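J.: Got a structure for you, questions after.
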Amino acid sequence: MSYSPSSKRYATMIYNYCGKSGLKIPVLSLGLWHNFGHVDEFENSRNILLSAFDAGITHFDLANNYGPPPGSAEINFGTILKEDLGKYRDELIISTKAGYKMWDGPYGEWGSRKYLLASLDQSLKRMQLDYVDIFYSHRPDPDTPMEETMGALDHAVKQGKALYAGISNYNPEQTLRAAGILKKLGTPCLIHQPKYSMLERQIEAGLLDILEKEGIGSIAFSPLAQGLLTDKYLGGIPEDSRAAKPHGFLRKEEVTDDKINKIGRLNEIAKQRNQTLAQMAITWILRDKRITSVLVGVSSIGQLNDNLDAIKNLEFDPEELKEIDKILK
Ligand SMILES: NC(=O)c1ccc[n+]([C@@H]2O[C@H](COP(=O)([O-])OP(=O)(O)OC[C@H]3O[C@@H](n4cnc5c(N)ncnc54)[C@H](OP(=O)(O)O)[C@@H]3O)[C@@H](O)[C@H]2O)c1
């Protein structure tokens, strides 16, 4: 049966301007790093994506290497676009990235113009698209002049193969430099994609201030610390969880007693708020108005719906925040 999206898809989602740009992004975006590769069940991936769109999630985040195997998330996404979402292309913000290893030889990773522009062409082919909305430098390259990497992003935008440029995993100093170069080139940096969650708070020590000052939006990746910030690991490592999967990036050794102890205490606060821990972890990120969007990953529609309900209660009592800080110390 052909897909027809919910007519209520824009009824409840909240959209924020991305930094000082005119582009609005949903407060909850969906990432395709896990659960969309050839190792995953295609119909489950499709159902997640379509349910997300039905709920007002307009932004889908990819990268050249998402899978496994690398590239397969873009291929599957392209198939779903073609079969189900093609008509709604103008309602979608699709991003991809280049930076990590994609092919053999000296031009298959990092930040050269050669790699970035070839990779974008490959991504467009895999997704069967003429353009992406956002093209990111996935990581800073210590050995390539920043001017070259930013020049490649600017070129992609001027070619019309991307509408906006973004950076990911750049530290505060690198971000300032990148933003300055892009501004001079006439392609302002739209967005930064850093890791941010209750368990990973480094960006509070400078990056967020810079983004605000520079008018750059921010989208927090791994907001649930890859699933740790949910109640799923409280009773051990479930068989179908990311930590148990051979291709999952969360390793069993990362599920430590110290983290589980903190997560158990956070779970109690979430319960008092009538939220699941996943919901509280998402709302906790959105308490900071410098954050444009929270970029979640999900392996089921149940998880997606759970996370979507986070936006029903975005308020925090100052006492709750103090209590959370105490646990996280
Ligand atoms: N720029 C970068 O360098 C970079 C790096 C990493 C990620 N990202 C982006 O950020 C996106 C999100 O990253 P992430 O997948 O690590 O995010 P995450 O939201 O921290 O973790 C997602 C995982 O958490 C579990 N989960 C999600 N919602 C849940 C719920 N309500 N209840 C119980 N468990 C739940 C699922 O694990 P199970 O599979 O165990 O069910 C899911 O696969 C990626 O897809 C990618 O687009 C970017």
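The numbers here are math on the coordinates, done by the rules we state, and not lab data. Note that the structure is predicted; figures quoted are calculated from it, not measured. Glycine gets a Cβ as well: all are built from the backbone with ideal geometry, and neighbour counts include every protein chain shown.
J.: I need the calculated FRET efficiency for the pair Arg287 and Lys82, taking r as the beta carbon distance and R₀ as 41 Å, to the nearest 0.05.
T.: That pair, Arg287 with Lys82, gives E of 0.60.
J.: Report, to the nearest 10°, how far helix 277-286 tilts away from the longest principal axis of the Cα atoms in the chain, using its own Cα long axis and a range of 0 to 90°.
T.: 50 degrees
J.: Anyone know which of Ile14, Ile167, Ile191 comes out most mobile in the 10 Å Cα GNM of the chain?
T.: Ile14
J.: Turning to a different aspect of this structure: Working from Cα positions, state the angle (0 to 90°, nearest 10) between the long axis of helix 113-127 and the longest principal axis of the chain.
T.: For 113-127 against the chain, the angle is about 70 degrees.
J.: Still on this structure, please answer the following. Given the convex hull of the Cα atoms of segment 1-149, what is a quarter of its surface area in nm²?
T.: 9.6 nm²
J.: Still on this model: Put a dot 7 Å past each Cα toward the Cβ at His38 and Asn274; how far apart are the dots in nm?
T.: Roughly 4.8 nm, to one decimal.
J.: On to the next question. In this model, which of Lys97/Lys312; Lys232/Lys329; Lys20/Lys322; Lys158/Lys289; Lys213/Lys259 are farther than 27 Å apart at the alpha-carbon?
T.: Check vs 27 Å cut-off fails for Lys97/Lys312; Lys20/Lys322; Lys158/Lys289; Lys213/Lys259.
J.: Using a 10 angstrom cutoff on alpha carbons, build the Gaussian network for the chain and name the most mobile of Thr12, Thr276, Thr256.
T.: Of the options given, Thr256 has the highest mean-square fluctuation.
J.: Explain nothing, just the number: dipole magnitude of segment 1-149 about its Cα centre with +1 on each Lys and Arg Cβ and -1 on each Asp and Glu Cβ, in debye rounded to the nearest 20.
T.: That gives segment 1-149 a dipole magnitude of about 360 debye.
J.: Relative contact order, percent, of the chain when contacts are C-alpha pairs under 8 Å separated by at least 6 residues?
T.: 17 percent.
J.: Let me check the size of segment 116-260 from its C-alpha atoms; what are the radius of gyration and Dmax in Å?
T.: Cα-based Rg and Dmax for segment 116-260 come out at 17.9, 53 Å.
J.: What does the convex hull of the alpha-carbon atoms of segment 216-329 project to on average, in nm²?
T.: 7.6 nm²
J.: If you take the Cα Rg of the chain and divide it by 2.2 N^0.38 Å, with N the number of residues, what do you get?
T.: Scaled against compact globular proteins, the figure is 0.96.
J.: If you look at just the Cα atoms of segment 142-225, how large are its Rg and its Dmax in Å?
T.: 13.1, 39
J.: How far apart, in nanometres, would the label points at Asp317 and Asp143 be if each is projected 7 angstrom from Cα along the Cα-to-Cβ direction?
T.: 5.5 nm
J.: While we're here: Can you give the calculated 222 nm mean residue ellipticity of the chain, where each DSSP H run of n ≥ 4 adds -39,500 (n - 2.57) and the sum is split over every residue, rounded to the nearest 500 deg cm²/dmol?
T.: Result for the chain: -11000 deg cm²/dmol, rounded to the nearest 500.
J.: May I ask you to compute the full-extension gain from Lys329 to Lys245, defined as 0.36 nm times their residue separation minus their alpha-carbon distance, rounded to one decimal in nm?
T.: In short, 27.3 nm is gained.
J.: Using a Gaussian network model on the chain with a 10 Å cutoff between Cα atoms, which of Pro70, Pro318, Pro223 fluctuates the most?
T.: Highest fluctuation of the listed residues: Pro318.
J.: To the nearest 20 debye, what is the magnitude of the charge dipole of the chain about its Cα centre, counting +1 on the Cβ of each Lys and Arg and -1 on the Cβ of each Asp and Glu?
T.: It comes to approximately 480 debye.
J.: Which value in nm describes the separation of the simple spin-label points at Tyr100 and Tyr10, placed 7 Å from the Cα toward the beta carbon?
T.: 3.4 nm
J.: List the pair-distance distribution P(r) of segment 56-140, using every Cα-Cα distance, as the percent of pairs falling in each 5 Å bin from 0 up to the bin containing the longest distance, rounded to whole percents.
T.: Pair shares across the bins are 3, 15, 28, 25, 16, 8, 4, 1, 0.
J.: Dividing the alpha-carbon Rg of segment 221-284 by 2.2 N^0.38 Å yields what?
T.: Dividing the Cα radius of gyration by 2.2 N^0.38 Å gives 1.08.
J.: Provide the packing ranking of 178-187, 48-57, i.e. peptides ordered by the mean count of other C-beta atoms within 10 Å per residue, highest first.
T.: Taking the mean over residues of other Cβ atoms within 10 Å, the ranking is 48-57, 178-187.
J.: Taking the chain as the reference, fit the longest principal axis to its C-alpha atoms, fit the long axis of helix 172-185 to the helix C-alpha atoms, and give the angle between the two in degrees, 0 to 90, nearest 10.
T.: The angle comes out near 40 degrees.
J.: Output ³J(HN,Hα) for segment 226-237: one whole-Hz value per residue in order, computed from phi by the Karplus curve 6.51 cos²θ - 1.76 cosθ + 1.60 with θ = phi - 60°, and x for Gly and Pro.
T.: Each residue's phi maps through the Karplus curve to give 6, x, 4, 7, 9, 8, 5, 9, 5, x, x, 9 Hz.
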